[in-house]
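S.K.: Dumping the structure here so I can ask a few things about it.
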Amino acid sequence: MKLHELFHILSNETRLKILTLLLEKEMCVCQILASIGTTQPNISQHLHVLKNHGIAKSRREDSFVYYSIDERFIEKYPFLITILERARKEYGVKAVNSCSLPNLLNKE
């Protein structure tokens, strides 16, 4: 990935917020959703972009998919840790510890 492509991906506020969360810990979509407060399709779309560019990775456990930052990406661009830590402070995004899926299902 060329540097201008990386900065284009990071220029989206939602993707930047997702990455600040994933810098902290591995998360499922419903945890990201509860932390950011947008729609599930929006989060899934941004996670798809992050995965396709090798920035994020995923693993499946039962019916849940957990996302994290790909370590190889951080090794290639170590300066991103500083950028993401600053973005976390600027946006005030905090990771939710428990999955909100049961709560979301009860609302329907």
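The values are calculated or read from the model by the stated rules, or taken from the named source; none is laboratory data. Model, not experiment: these values are computed from the prediction. For neighbour counting, all protein chains shown are included, and Cβ atoms are generated from backbone atoms with ideal geometry for every residue, glycine included.
S.K.: Of the conditions (1) at pLDDT below 90; (2) outside any helix (DSSP H, G or I); (3) surrounded by 14 or more Cβ atoms within 10 Å (Cβ to Cβ), M1 satisfies every one except a single condition; which number is it?
M.R.: (3)
S.K.: Considering only the range 33-46, state which residues are over 14 Å from Y91 (Cα atoms) and surrounded by 18 or more Cβ atoms within 10 Å (Cβ to Cβ).
M.R.: Within the range 33-46, L33, A34, I43, H46 qualify.
S.K.: What are the residue pairs meeting all of these: first residue in the range 32-52, first residue small (G, A, S), second residue part of a loop (DSSP other than H, G, I, E, B), Cβ atoms under 8 Å, and 6 or more apart or on different chains?
M.R.: Taking only residues 6 or more apart or on different chains, the pairs are A34/V96; A34/S100; S35/V93; S35/K94; S35/A95; S35/V96.
S.K.: So which of E24, E85, E75 ends up being modelled with pLDDT under 90 and of a type in the set (D, E, K, R)?
M.R.: After ruling out the rest, the residue left standing is E24.
S.K.: Now for a different question. Against the definition (in contact with a helix residue (DSSP H, G or I) (Cβ under 6 Å, 6 or more places away or on another chain), in a helix (DSSP H, G or I) and either touching a residue at least 40 places away in the same chain (Cβ under 8 Å) or of a type in the set (F, W, Y) (or both)), how does L16 come out, yes or no?
M.R.: For L16, the condition - in contact with a helix residue (DSSP H, G or I) (Cβ under 6 Å, 6 or more places away or on another chain), in a helix (DSSP H, G or I) and either touching a residue at least 40 places away in the same chain (Cβ under 8 Å) or of a type in the set (F, W, Y) (or both) - is met.
S.K.: Oh, and also: Can you run down the residue pairs with Cβ atoms below 7 Å, 6 or more apart or on separate chains, where the first is in the range 57-73 and among the small types (G, A, S) and the partner is not in a helix (DSSP H, G or I)?
M.R.: Listed by first residue and then by second, the contacts come to S58/V65; S58/Y66; S58/Y67; S68/E26; S68/A56; S68/K57.
S.K.: Here's something else I'd like to know. Mind checking whether some residue in the range 49-57 is modelled with pLDDT of 95 or more, under 22 Å from N97 (Cβ atoms), assigned to a helix (DSSP H, G or I) and out of contact with any Ser or Thr (no Cβ under 9 Å at 6 or more places or on another chain)?
M.R.: Taking every residue of the range 49-57 in turn, at least one turns out to be modelled with pLDDT of 95 or more, under 22 Å from N97 (Cβ atoms), assigned to a helix (DSSP H, G or I) and out of contact with any Ser or Thr (no Cβ under 9 Å at 6 or more places or on another chain).
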